[in-house]
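S.K.: Take this structure, written in structure tokens, and hold onto it; I'll ask about it next.
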Amino acid sequence: MKLNKLFSKLACGSLLLALQLGAQAAAPSVSLETTREALGKPTTLVIDIREPNEQTGGVAKGALLIPMGQLEGRLAGITNAKTQPIILICATQNRSAKVADKLQAAGYTNVSYVQGGMKQWSAQGWPVVKPVN
């Protein structure tokens, strides 16, 4: 019986250690309001990662337009500081959350994504502008 308890404790300890070693903090989300305020700050990059055909309905004024597939290749040309605040926005938050996690894993320490994305932005009735690429 004592041997079973020992194996059980070892297994639990190994599982916890594996989870801790493999765990990576997820990038945080920010509210629509925070994003709207950030658009007026030159120190924060707000990047719309939707594809060009998704942006035709409008984008948040002041957001950089870089499709998700081009972001990694273009980000180094936009910022040389991995500590610069970056807020990612997509249609609903699904893609921007995943990309934010990838950027965080690549060493960007101040990256987040917008809760609800542009669908929520539009649902709030907040202004959008036609994209200029």
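S.K.: Report the calculated FRET efficiency for Val132 and Thr83 (r = Cβ-Cβ distance, R0 = 35 Å), to the nearest 0.05.
M.R.: 0.80
S.K.: Right, something else. Kindly write out, for the stretch 70-78 in residue order, the coupling ³J(HN,Hα) from the Karplus curve 6.51 cos²θ - 1.76 cosθ + 1.60 (θ = phi - 60°), rounded to whole Hz, with x marking Gly and Pro.
M.R.: 9, 4, 4, x, 9, 4, 4, x, 9
S.K.: Stretch Gln124-Glu51 to full length: gain in nm at 0.36 nm per residue minus the Cα-Cα span?
M.R.: Result: 24.1 nm gained on full extension.
S.K.: Going down the list Lys82/Lys119; Lys61/Lys82; Lys41/Lys102, which pairs span over 26 Å between their C-alpha atoms?
M.R.: Table pairs above 26 Å Cα-Cα are Lys82/Lys119.
S.K.: Next up: Return the distance in nm (one decimal) between the two label points of a simple spin-label model at Ser29 and Ala105, each offset 7 Å from Cα along Cα→Cβ.
M.R.: Distance between label points: 2.0 nm.
S.K.: Got a sec? How would Lys130, Lys98 order by Cβ neighbour count within 10 Å, fewest to most?
M.R.: Least to most surrounded, the residues fall as Lys130, Lys98.
S.K.: Also, quick follow-up: Please arrange Asp101, Asp48 by how many other C-beta atoms lie within 10 Å of their C-beta, fewest to most.
M.R.: Asp101, Asp48
Where a number appears in this text, it was derived from the coordinates with a stated rule and is not lab data. Keep in mind the model is a prediction, meaning the values are calculated, not measured. Here Cβ is always computed from backbone atoms with ideal geometry, including for glycine, and neighbour counts include all displayed protein chains.
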